[in-house]
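**Q** Provided herewith is a single structure, encoded as structure tokens, for subsequent inquiry.
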Amino acid sequence: MLLNIDGVQVIATPDKTLRDILVELNMDNPVLPKRPLAAKIAGEVFNLNYVPVRSKDTRPDRPSIRRAMAASGGNVHLLRYADPTGKDVYTRTAQFVLFLAIHRLWPNAKATMTCSLGPALYIRVEGAENFNSDKLKEQVSQIVAADIPLVRNRITTKEAICQFESLGETDKASLLQWREAEHFDVYSHDGFMDYYYGELAPSTGYLSVWNILPCDGGFFFLFPDDLNPQQVAQFCDMPNLFAVFNEGDRWGELMECRTVADLNHLTN
């Protein structure tokens, strides 16, 4: 099948991923502002591990064109950090890496994304003995350097509930109790598993621009600067706004309603 990737035409080799094709075309630039993070095909967003054309087991000489590729006529639009959807891909990838790092260092800890303050994401960490943001930063650096593939797998919702319960992620397990679909897509690595309503980058090595700053009760994760994504954004302290978010969390705890799953149980 002939692909048109941002104006560059290439014949898709069966079983090669979009990432493989981009590498061969020298379109996989390691500089974040220029690096493709995902692709939009026929209006849908796909991970770069997506295979446009697959070989058929029964007829290797007659490859199978994927549904989205057929619908798009071979047109592929690459998403980068400047694109809002590309930025979302980067954000979800950062979240996976952060929680994987916390799981490795403090497996019994509970980490919660609490709020965003400009380019900074505040994550509260509870139950982590001797928590240290510098130690977390080093672990994140190691995970990024390892360039671990981020592959989405489909399991049953019941299986996902059981696995989250075994990992101590009771909030996620409780929320999935309300899910009617039989199957569920997850990303997992090294005994850690999580899910996202959207795509991740193809590997952890794509998380190239970031920083971690200490904060009482957790830490701040800094994203790239929107105007210059090759640099980490400057942290802007917002004590009054941060206090409002903390007050909201405190009231949620007092009312025993800290999560969507809690709200579902209270209203049913």
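The values are calculated or read from the model by the stated rules, or taken from the named source; none is laboratory data. Owing to the predicted nature of the structure, the values given are computational and were not obtained by experimental measurement. Don't worry about glycine lacking a Cβ; one is built from the backbone with ideal geometry, like all the others, and counts go over all protein chains shown. Keep in mind that these areas ignore ligands, DNA and RNA; they rest on the heavy atoms of the full protein, side chains included. Shrake-Rupley method; radii C 1.70, N 1.55, O 1.52, S 1.80 Å.
**Q** How many residues are touching a residue at least 40 places away in the same chain (Cβ under 8 Å), part of a strand (DSSP E or B) and polar (S, T, N, Q) when one looks only at the stretch 120-154?
**A** Number of matching residues: 0.
**Q** Please verify whether the stretch 58-79 includes one or more residues that are modelled with pLDDT of 95 or more and assigned to a loop (DSSP other than H, G, I, E, B). Spell out how you get there, then give the answer.
**A** If we filter the stretch 58-79 for residues that are modelled with pLDDT of 95 or more, which is where we start, we get 75-79.
With the extra rule that they be assigned to a loop (DSSP other than H, G, I, E, B), the set shrinks to none.
So far as the stretch 58-79 goes, no, none of its residues is modelled with pLDDT of 95 or more and assigned to a loop (DSSP other than H, G, I, E, B).
**Q** When only residues in the stretch 117-150 that are open to solvent by 70 Å² or more (accessible area, probe 1.4 Å) and under 19 Å from the mean Cα position of the chain (by Cα) count, which is modelled with the lowest pLDDT?
**A** Looking at residues that are open to solvent by 70 Å² or more (accessible area, probe 1.4 Å) and under 19 Å from the mean Cα position of the chain (by Cα), I get Pro149.
**Q** With respect to Leu22, determine if the residue is surrounded by 20 or more Cβ atoms within 10 Å (Cβ to Cβ) and in contact with an Asp or Glu (Cβ under 8 Å, 6 or more places away or on another chain).
**A** It is true that Leu22 is surrounded by 20 or more Cβ atoms within 10 Å (Cβ to Cβ) and in contact with an Asp or Glu (Cβ under 8 Å, 6 or more places away or on another chain).
**Q** For the stretch 90-119, name all the residues that are in a helix (DSSP H, G or I) and over 24 Å from Gln234 (Cβ atoms). First the steps, then the outcome.
**A** Taking the stretch 90-119 and keeping what is in a helix (DSSP H, G or I), we get 90-105.
Once the filter is applied, which keeps residues that are in a helix (DSSP H, G or I) and over 24 Å from Gln234 (Cβ atoms), the stretch 90-119 yields Phe96, Phe99, Leu100, Ile102, His103, Arg104, Leu105.
**Q** What about Thr91, is it of a type in the set (Val, Ile, Thr), open to solvent by less than 50 Å² (accessible area, probe 1.4 Å) and within 30 Å of Val10 (Cβ to Cβ)?
**A** Numbers: of a type in the set (Val, Ile, Thr): yes; open to solvent by less than 50 Å² (accessible area, probe 1.4 Å): yes; within 30 Å of Val10 (Cβ to Cβ): yes.
Considered against the rule, which asks whether it is of a type in the set (Val, Ile, Thr), open to solvent by less than 50 Å² (accessible area, probe 1.4 Å) and within 30 Å of Val10 (Cβ to Cβ), Thr91 comes out as yes.
**Q** Sticking with this structure for a sec: At least 3 residues that are surrounded by 17 or more Cβ atoms within 10 Å (Cβ to Cβ) and modelled with pLDDT under 80 in each: list the helices (runs of 4 or more DSSP H) lying fully within the stretch 155-268 that qualify.
**A** Counting at least 3 such residues, we get 157-166, 170-176.
**Q** Could you list, ordered by first residue, the pairs with Cβ atoms under 6 Å in which the first is in the stretch 189-215 and within 25 Å of Leu78 (Cβ to Cβ) and the second is open to solvent by 10 Å² or more (accessible area, probe 1.4 Å) and among the basic types (Lys, Arg), at least 6 apart or interchain?
**A** Tyr196/Arg92; Gly198/Arg92; Leu200/Arg92; Pro202/Arg19
**Q** With the requirement that a residue be modelled with pLDDT of 95 or more and among the charged types (D, E, K, R), what does the stretch 5-27 give you?
**A** Hits for the stretch 5-27 are Asp6, Arg19, Asp20, Glu24.
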